[in-house]
Structure formats: structure tokens, C-alpha cells
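Colleague: Have a look at this one.
The values are calculated or read from the model by the stated rules, or taken from the named source; none is laboratory data. Note that this is a predicted model, so its numbers are computed, not measured. Quick reminder, even Gly has a Cβ in these numbers, built from the backbone with ideal geometry, and neighbours come from all protein chains shown. When the accessible area is computed, the model is the full protein with side chains, heavy atoms only, and any ligands, DNA or RNA have been set aside. Shrake-Rupley method; radii C 1.70, N 1.55, O 1.52, S 1.80 Å.
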Amino acid sequence: MPKGSQSGQTESMEGVCRGGGQHNNMAIKKVYLNATITALHPHPGRRQGCIQPKAEALQRIFFPPPPAADLTDISNPATQYPREVSVSTQITMQQIERAINKLAPNKAPGPDDISNAVLKRNAHLLMPYIQKIAQASLDINHFPAPFKNTITIVLRKPSKPDYTKPSSYRPIALENTIGKVIESIITDMIVYLTEEHSLLPLHHFGGRPCRTTEDAMIILLENIYRAWKQGDVYTAIFMDVAGAFNNVHHERLLHNMRTRRLPGIIIKWVASFLNH
């Protein structure tokens with residue numbers, strides 16, 4: 001691999017990009033580029049051609065510091081939350097099996113180098129041990145720090161006119177396999193509680209089972225046609241929040257979960273998952 005490059009040349013990069021800020025829910029272990037990358041222009045008049053500055057430029061784009069958040073409405077320690085819904089905290093072998101079956105067999109492994117294919121082929125031997133790890137993780141409200149390490153692959157966004165801009169690339173995080181299984185189990189628990197107890201608004205479609213973009217469009221069209229029949233004008237506002245997932249404020253998220261009546265044991269586990 002070349003040690004460096006002159007202006008305008010390309011080079012392969014295997015740089016280390018650690019951290020990314022406390023707002024990230026995963027500690028970044030390494031950044032790899034799957035192909036050559038031109039010298040970057042992170043700022044006007046500045047061109048990054050060496051490996052480490054490229055990694056730093058990409059890190060600034062992928063993991064910017066979160067914007068300031070107004071938390072005055074949730075800072076009162078005497079805040080009263082509605083009664084939480086009940087949940088069974090016993091993780092079953094069926095939940096473990098379902099989480100393993102969801103894994104795509106040919107996906108690249110994370111830092112633990114355990115491929116999904118190995119886990120799926122040996123599930124009958126490994127499931128009892130994974131169940132004990134997952135159960136302990138939930139019982140003590142702790143997501144182990146090693147499971148938060150990822151390998152981040154940097155890919156070019158297709159059809160971008162200028163690949164000297166860091167924003168023309170996107171990160172793909174490869175997680176530890178066992179950590180993904182535990183995440184999947186907790187996610188299924190949250191989804192079940194959300195649907196069973198109607199914790200979200202009726203017309204909330206994102207991230208919910210049996211609800212698709214097509215369903216949302218059909219409802220939108222029906223509302224438009226209904227307004228037209230009544231001689232009204234239908235107005236809709238569409239918003240695209242840049243970096244919405246990465247910029248979620250942790251305290252606000254946990255507050256919203258309490259407001260939605262999710263069980264405290266799950267909220268504490270999520271808090272551990274978000275904490276470095």
C-alpha cells in the first residue's frame with residue numbers, strides 16, 4: 001500500500017478512525033476503504049491526500065458532533081411518567097433461534113470474526129450459551145462494551161459527480177455477531193410491546209411490522225381524494241431530517257421511551273447500549 005500520494009493521485013486507504021464522539025451508539029474500531037479514493041476536499045482550499053487526514057475528514061462527515069438540545073422540559077427529577085406496561089423478562093430459546101435465523105449468512109463479520117454462516121450452522125450447539133449471555137445482559141441492564149466495537153467500511157455513493165467530497169461516501173458498520181443477536185432479541189421485545197399495547201400513533205409507519213411505504217401512500221391518496229370530493233384543498237408537509245439517527249439525543253430518546261410506557265428494564269438496557 002502506498003505510503004502517501006501527491007495532489008490529484010489516488011491511493012488505497014486503511015486508516016484508523018477511533019471514537020466518533022460520545023453521541024454515537026457504537027465505538028468505531030477501524031475504517032477501511034473498499035476501493036481507491038481520490039484526494040478529499042473537506043474544506044474549501046484544502047485537499048487531503050494522505051491516509052490519516054482522509055480518515056479524519058470522513059469521520060467528521062460520518063460522526064459530526066450532535067447539535068445542542070433543549071432538555072428543560074425533561075430536566076425536572078420529579079417528572080412523573082405513566083405506568084409502564086408489563087413484560088416477561090425471560091429470554092427463550094425460540095427468541096434466540098428467531099434472532100439467529102434473521103442473520104444473512106453471507107454478510108461480512110465484525111471485529112469478532114465470527115461469520116453469520118458459522119453461527120447459523122452451529123446454532124443447535126451455541127444457542128444455550130447465547131441464551132445465558134443475552135439473559136444476563138438484560139437482567140443486569142448491561143450491553144457489553146466489546147459488542148459495541150465495529151469495523152466501518154466506507155463505500156462510494158453511486159452516481160455522485162465529485163468523489164473528492166467526503167459527503168460522496170457512506171459508512172457501513174460491521175458489528176460483532178453475538179452482539180447483533182442480542183440487539184435483535186431486544187428489538188423484537190420492543191416491537192412486540194409497541195404493537196400489543198398500541199404505544200405508537202395509528203398512522204406511524206416507520207420501523208413497524210406489516211406497515212409499508214405503499215400503505216402510507218395509499219392513506220395519503222385517500223385523504224387527498226376525500227378533500228377534493230368536499231371541495232377542499234389538501235396540504236401536506238414533507239420533511240427530510242439530515243442525520244436523524246446519528247443526532248438523536250440520548251436523554252430525549254430515553255424520556256420518550258418512558259413516556260410511551262416501555263418497561264424500565266428495557267429502557268435501562270437501551271441506556272447501556274447507548275453508553276460508551
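Colleague: Of the residues Ile190, Ile265, only one is in contact (Cβ under 8 Å) with a residue 40 or more places away in the chain, part of a helix (DSSP H, G or I) and more than 20 Å from the chain's Cα centre (by Cα); which? Full working, then the answer.
Modeller: On the way: Ile190 fails: more than 20 Å from the chain's Cα centre (by Cα).
When all the criteria are applied, what remains is Ile265.
Colleague: Now for a separate question. Can you find, within the stretch 149-186, the residue that is modelled with the highest pLDDT among those that are open to solvent by 30 Å² or more (accessible area, probe 1.4 Å), under 24 Å from Pro53 (Cβ atoms) and outside any strand (DSSP E or B)?
Modeller: Taking the candidates together, the pick is Lys157.
Colleague: Restricting to the stretch 130-148, count the residues that are crowded, with 20+ Cβ neighbours inside 10 Å and in a helix (DSSP H, G or I). So that I can check it myself, show each step before the final result.
Modeller: Just the residues of the stretch 130-148 that are crowded, with 20+ Cβ neighbours inside 10 Å, to begin with: 130, 134, 137-138, 143, 147-148.
Still in the running and in a helix (DSSP H, G or I): 130, 134, 137-138, 147-148.
Matching residues across the stretch 130-148 total 6.
Colleague: Considering the stretch 205-215 alone, what residues qualify as being closer than 17 Å to Leu262 by Cα and open to solvent by 50 Å² or more (accessible area, probe 1.4 Å)? Explain how you work it out, then say what you get.
Modeller: At the first step, the residues of the stretch 205-215 found to be closer than 17 Å to Leu262 by Cα are 207-208.
The one that is closer than 17 Å to Leu262 by Cα and open to solvent by 50 Å² or more (accessible area, probe 1.4 Å): Gly207.
Colleague: Next up: Please work out which one of (1) surrounded by 14 or more Cβ atoms within 10 Å (Cβ to Cβ); (2) at pLDDT 90 or above; (3) over 27 Å from Asn101 (Cα atoms) is the condition Thr194 fails and give its number.
Modeller: Exception for Thr194: condition (3).
Colleague: Could you tell me which of the residues Met93, Met127 is more than 21 Å from Phe62 (Cα to Cα), open to solvent by 60 Å² or more (accessible area, probe 1.4 Å), over 17 Å from the mean Cα position of the chain (by Cα) and modelled with pLDDT of 95 or more? Steps first, please.
Modeller: On the way: Met127 fails: open to solvent by 60 Å² or more (accessible area, probe 1.4 Å).
Answer to the check: Met93.
Each row is one residue, and each column tells you yes or no for (1) within 23 Å of the chain's Cα centre (by Cα); (2) not hydroxyl-bearing (Ser, Thr, Tyr).
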| position | (1), (2) |
| --- | --- |
| Ser198 | no, no |
| Glu214 | no, yes |
| Ala227 | no, yes |
| Gln230 | no, yes |
| Ile237 | no, yes |
| Ala242 | yes, yes |
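Colleague: To continue, here is another question. Checking Val87 against (1) modelled with pLDDT of 75 or more; (2) among the hydrophobic types (A, V, I, L, M, F, W, C); (3) in contact with a Gly (Cβ under 6 Å, 6 or more places away or on another chain), which test does it fail?
Modeller: Here Val87 meets the rest and fails (3).
Colleague: While we're on this one: Out of Ile224, Ile237, which single residue is under 21 Å from Pro201 (Cα atoms), surrounded by 13 or more Cβ atoms within 10 Å (Cβ to Cβ) and β-branched (Val, Ile, Thr)? Write out each step before concluding.
Modeller: Values: Ile237 fails: surrounded by 13 or more Cβ atoms within 10 Å (Cβ to Cβ).
None of the other options fit; the residue is Ile224.
Colleague: Sticking with this one: Considering each residue of the stretch 183-196, count those that are β-branched (Val, Ile, Thr) and within 25 Å of Phe62 (Cα to Cα), and give that number. Don't jump to the end; show me each part of the working.
Modeller: Of the stretch 183-196, the ones β-branched (Val, Ile, Thr) are 185-187, 190-191, 194.
Retained after the next criterion (residues that are within 25 Å of Phe62 (Cα to Cα)): 187.
Number satisfying all stated conditions: 1.
Colleague: Another question, then. Of all residues in the stretch 143-190 being of a type in the set (Lys, Arg) and touching a strand residue (DSSP E or B) at 6+ places or on another chain (Cβ under 9 Å), which is nearest to Met127 (Cα to Cα)?
Modeller: From the stretch 143-190, those of a type in the set (Lys, Arg) are 148, 156-157, 160, 165, 170, 180; that's our starting set.
The next check asks that each one be touching a strand residue (DSSP E or B) at 6+ places or on another chain (Cβ under 9 Å); those that pass are 148, 156-157, 160, 165, 170.
Details: Lys148: 21, Arg156: 37, Lys157: 38, Lys160: 44, Lys165: 45, Arg170: 34 Å.
Among residues in the stretch 143-190 that are of a type in the set (Lys, Arg) and touching a strand residue (DSSP E or B) at 6+ places or on another chain (Cβ under 9 Å), the one nearest to Met127 (Cα to Cα) is Lys148.
Colleague: While we're on this one: Going through the stretch 67-78 one residue at a time, which ones are without any contact (Cβ under 8 Å) to a residue 60 or more places away in the chain and surrounded by 11 or more Cβ atoms within 10 Å (Cβ to Cβ)? Can you show your working first?
Modeller: Filtering the stretch 67-78 down to residues without any contact (Cβ under 8 Å) to a residue 60 or more places away in the chain leaves 68, 70, 72-73, 75-78.
None - no residue of the stretch 67-78 is without any contact (Cβ under 8 Å) to a residue 60 or more places away in the chain and surrounded by 11 or more Cβ atoms within 10 Å (Cβ to Cβ), so the list stays empty.
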